[in-house]
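> Below: one structure in structure tokens.
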Amino acid sequence: MIELFHIWKQYQKPFWALNDVSLQIKDSDFYFITGPSGSGKTTLLKTIFRETLPTEGQILINGVNILKIHDSRIYTLRRRMGIVFQDFRLMFHRTVFENVAVPLQVIGVARKEIRRRVFNTLQKVNLHQKMWELPSRLSYGEQQRVAIARAVVNNPEIILADEPTGNLDPELAFEIISLFKDINRQGATVVIGSHDRELIRHFGDNILFLQKGKIVGKEGHP
Amino acid sequence: MIEKVKFFLSLTGNNLWQFRTRNIFSVTIICLSFLTVGIFMSLSNNLRATARELSSNMTVAFYLDKGMPAAAVDALHREVGKPAFVESVRMVTPEEALEKFRLSFPELADIVTGLKANPFPASIELRVNSKASASGEVVAFVDSMKTRPGVTDVQFNQDWVEKMQGFSRLAGAIGAFMGGILLLTSFFIISNVVKLNVFARKNEIEILRLVGSTNLFIRIPFWLEGIVLGLLGSLLSLGLLFVVINLFPIYLGSSLGALQELLRFRYPDLTQAAGLLLGGAATGFVGSATSVSKFLKV
């Protein structure tokens, strides 16, 4: 379970990127965070995987206060998560295969197993034929799918995705969210930051509405 | 574990290849540094070996007055043979001395043939046993003999042994000094090359952190890079050292004349070669580790 208690985040005075956000995301939830640009979706996701520290507040994941985890132990938190970044964050001088394999390599999975899992995952995002290409030779949408494959390849407990369909055509966007939904059905908690109303309407069980860093509405779980 | 080792090695290989220009530059600097150390080391090896050779083969020659009576020569011969450190004593007649000179310097044969009288005096040659060589007892004995009537000159190669040992120490010290400065340069160059590599891979490091890498996992490839650069540099310097050792006598040997023997290079022994290699690896590792811990906030 992901629990946020009174999260405040300020990058620059006097604006608050997050303004007293409290939230509870249960295990195996499929959760959308939505709102206009600059509403705090990305900041909220970043605080959950501790790329950004909140100015105030507490975040518990399965009862553990992640703000108290020592920097050198952060990997224990991140290994349980799959993250899709808005800007993809791919390694552009490494192949698609190498990019997707990284989360498995850091936990020491055997090479044969890495090959199998990376291939299967790339097949799911329909990129297996471009496995040995460099990301720079792929389209924007394909790069996004590489980022998604990297996030799900190690079957994480929690998936955090920031605008994962932002550059995809509606059909592919649908497929990608369906993929997240499949992973969710297998038990993973999925939190997606998106402003794609169509997708949210179709898949959204739980929706959090943000505006200027404040929660302005919730649907689904209280 | 094996998978991780394979992964690190392949990552290190990729990284070295990716930034090959700057890596070649740093390998060249390391190579030149270690080559300097190696050249002085092999020069010092030769001087040390020459000094050892001389001291194990220490002789004293007492040149005798031409007018010295035969009985006095016999008495001196017996007296010279008495001390315990003497291994052998031999009387060298003027004819033997002339013959020895002729054999040693064949190019001066014409001069020797043209001589009206034999200019060489008789001498007594004493060989010191190896245990006592260069001991104070021998030196004192030789000094006491210098003032004996009938002894015109004394030639003792202990001075040469001391000179060789001095030269050897000097060559070692110059090598250590210059090598030290160059090693320091290598250290800074590796450190800066790794720093540039860290900056160039900031994005990748960030990604590795976000997907759950440990700090060690991020650092190891950089450490390995430093070690490989250092090892390659020192290995190359060993190869070049062997080339220098082989080519030096061909190109400069004959022009050095009498200095040829002293300026001869001797191959470093196995321990010294291993020392150079380990030194390279250590320089690379320390340079890289310093840079990584300073510029990589993990």
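> Based on the Cβ-Cβ distance from A:Leu53 to A:Asp20, what FRET efficiency comes out when R0 is 22 Å, to the nearest 0.05?
According to the calculation, E is roughly 0.85.
> Still on this model: For an R0 of 30 angstrom, estimate the FRET efficiency from the Cβ-Cβ distance between B:Arg127 and B:Lys66 and round to the nearest 0.05.
The value I calculate is 0.80.
> Which value in nm describes the separation of the simple spin-label points at A:Arg197 and A:Lys212, placed 7 Å from the Cα toward the beta carbon?
Modelled inter-label distance: 2.1 nm.
> How high is the relative contact order of chain A? Use alpha-carbon pairs under 8 Å, at least six apart in sequence, and give a whole percent.
Dividing the mean separation by the residue count of chain A yields 31 percent.
> Using a cut-off of 14 Å between beta-carbons, work out the net charge of the residues near A:Lys9 (Lys and Arg +1, Asp and Glu -1, A:Lys9 not included).
Cβ neighbours under 14 Å give a net charge of +3.
> Please order A:Leu18, B:Leu276, B:Leu115 by the number of other Cβ within 10 Å, starting at the fewest.
Result, fewest neighbours first: B:Leu115, B:Leu276, A:Leu18.
> Please give the FRET efficiency for A:Asp87 paired with B:Arg169, using the beta carbon to beta carbon distance and R0 = 51 Å, rounded to the nearest 0.05.
With a Förster radius of 51 Å, E is 0.20.
> Span-like helices, chain A: DSSP H, alpha-carbon axial extent 15 Å or more, mean Kyte-Doolittle -1.0 or greater, which ones?
Membrane-span-like by this rule: A:96-106, A:140-152, A:170-185.
> Tell me which residues come under 5 Å, amide H to amide H, from B:Thr214 once H is placed; ignore anything under 5 positions away on its chain.
none
> Can I ask one more? For B:Ala49 and B:Gln155, calculate 0.36 nm times their separation in residues minus their Cα-Cα distance, and state this gained length in nm to one decimal.
So the chain would gain 36.0 nm between B:Ala49 and B:Gln155.
> Quick one: which of A:Lys46/B:Lys294; A:Lys130/B:Lys6; A:Lys68/A:Lys112; A:Lys26/B:Lys4 span more than 28 angstrom between C-alpha atoms?
Long pairs (Cα-Cα over 28 Å): A:Lys68/A:Lys112; A:Lys26/B:Lys4.
> What number, rounded to the nearest 500 deg cm²/dmol, is the helix-based mean residue ellipticity at 222 nm of chain A, given -39500 (n - 2.57) per DSSP H run of at least four residues and division by all its residues?
After summing the helix terms and dividing by residue count, I get -10000 deg cm²/dmol.
> Choose one of A:Tyr11, A:Trp132, A:Ile158: the residue whose Cα lies farthest towards the positive end of the charge dipole of chain A (beta-carbon charges +1 Lys, Arg; -1 Asp, Glu; about the Cα centre).
My answer, from the dipole projection, is A:Trp132.
> Where nothing but the Cβ of Lys and Arg (+1) and of Asp and Glu (-1) is charged, how large is the charge dipole of region B:167-232 around its Cα centre, in debye to the nearest 20?
Its charge dipole is roughly 100 debye.
> Please report how far the C-alpha centroid of region A:42-62 lies from that of region B:64-97, rounded to the nearest whole angstrom.
Region A:42-62 and region B:64-97 have Cα centres spaced 100 Å from each other.
All of the numbers you see were taken from the coordinates with simple rules; none came from a lab. This is a predicted model, so every value here is computed, not measured. Reconstructed Cβ throughout: ideal geometry from the backbone, glycine too, with neighbour counts over all protein chains shown.
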